[in-house]
1. Hey, fewest Cβ within 10 Å first, where do E89, E52 land in order?
2. Given a cut-off of under 8 Å on Cα pairs at least six residues apart, what relative contact order in percent is computed for region 9-128?
3. So, R0 is 35 Å and r is the distance between the beta-carbons of K59 and E89; what FRET efficiency does that work out to, to 0.05?
4. Is it possible to state the helix-based mean residue ellipticity at 222 nm for the chain, with each DSSP H run of 4+ residues giving -39500 (n - 2.57), the sum divided by total residues, to the nearest 500 deg cm²/dmol? What is it?
5. Taking other Cβ within 10 Å of each residue's Cβ, how do T123, T22, T36 sort, fewest first?
6. Quick check: Cα centre of region 1-71 to Cα centre of region 76-104, how many Å?
7. Compute, for the chain, the length of the dipole vector about the Cα centre, with Cβ point charges of +1 (Lys, Arg) and -1 (Asp, Glu) only. Units Debye, rounded to 20.
8. Residues of region 52-86 with amide nitrogen under 20 Å from the 7 Å Cα-to-Cβ point of Q39?
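Read-outs: derived from the displayed coordinates by stated rules, not from any lab. Computed from a predicted structure; not experimentally measured. No Cβ is skipped: glycine too gets one built from the backbone with ideal geometry, and neighbour counts run over all protein chains shown.
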Amino acid sequence: MKTGKPPVIVLDTCILIFDALTPDRLSPAALTALDTGEQARTLACADISLWEIAMLIAKGRLAVGMDGTAFIRDVLAARAVRVLPVTPEIASTSAMDPRFQHADPADRLIAATALVHHAALVTSDGRLLQLPGLATIW
């Protein structure tokens, strides 16, 4: 039975960062997906993306001009992005799905989150864009 709810759109870590700090780096398709998802309140991200952003700030690889926690909260609030937790299905998919050939655990969890939620993933990551069976937007 269909609920009529619009599909979830999962945002990769880089998309969260680009949207907040350098939106000119986003493709037209990514911008459209962000705007559409914001209006429909269907934007989401994998919980590991919050950790990735915090690590980039902590290592000095991402300058945000404010407290890291406040920045992450602002990023989520700006477009009402929902944080999707790791579930048993996401954990299993990220660890055991034979489609995952790369070793980056964050990318695996992000892609598995999109797969398990039957969502499109907005990403500029070339490896994720080529993952068989993963709907992507860039």
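1. Final ranking by Cβ density, sparse to dense: E89, E52.
2. 37 percent
3. Calculated transfer efficiency: 0.70.
4. One gets -15000 deg cm²/dmol as the mean residue ellipticity at 222 nm.
5. T22, T36, T123
6. 14 Å
7. In debye, rounded to 20, the chain gives about 220.
8. Counting only backbone N, you get 78-82.
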